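A quick write-up on the structure given underneath.
The values are calculated or read from the model by the stated rules, or taken from the named source; none is laboratory data. Since the model is a prediction, treat every value here as computed from it, not as a measurement. Counting neighbours? That spans all protein chains shown, and the Cβs are built from the backbone with ideal geometry, glycine included.
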Amino acid sequence: MSLATVAAMQAYKQVGNQGVSSDRLVLLGLEGVLEYIRRAHLAIQAKDISAKAVSMDKAYQLTAHLLASVNFEEGGEIAKNLDSLYRFLLNQLAQANIFDDLQALDACQPVLVDLRDAWRGLLGHS
């Protein structure tokens, strides 16, 4: 396990201890990744390297936190699927960051929207 993954797991557990449900944290994380991808997209188009770097870093960190939160002991097949989706997102984010690849960012959007909508349904949000 990488140092970044260990740090993400520790941060996730620390926030979880502050009274926010893990399901709500996942929803907030997904919404955050969507927002930072939107910002990164705009920054790449505007050739704003600094804004792109900040947005991509935050999107990557949030996705790493989501990956670290996957519970394989209780999640079964769903956990395996989430693991694959989060790893796909991390790869796409890296591709977008290194090559200013808007298509890689665009590939993240439907995955994140589907996950966010599923989590909203789970929590009873509209």
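Miscellaneous remarks
- The number of residues in the range 102-115 being in contact (Cβ under 8 Å) with a residue 12 or more places away in the chain and farther than 20 Å from residue 57 by Cα comes to 1.
- Where residue 117 falls short, out of the listed (1) in contact with a helix residue (DSSP H, G or I) (Cβ under 6 Å, 6 or more places away or on another chain); (2) assigned to a helix (DSSP H, G or I); (3) within 16 Å of residue 27 (Cβ to Cβ); (4) not small (Gly, Ala, Ser): (1)
- Of all residues in the range 57-85, those being of a type in the set (Lys, Arg) and surrounded by 13 or more Cβ atoms within 10 Å (Cβ to Cβ) number 1.
- Positions within the range 38-57 being over 15 Å from the mean Cα position of the chain (by Cα) and closer than 13 Å to residue 93 by Cα, in sequence order: 41, 44, 52, 53
- Of 33, 54, 15, 6, all but one fail to be modelled with pLDDT of 95 or more and surrounded by fewer than 18 Cβ atoms within 10 Å (Cβ to Cβ); the exception is 54.
- Among residues of the range 52-65 that are over 12 Å from residue 86 (Cβ atoms), those with a Cβ under 8 angstrom from a residue that is at pLDDT 95 or above and not in a helix (DSSP H, G or I), sequence gap 6+ or separate chain, pair up as 52/100.
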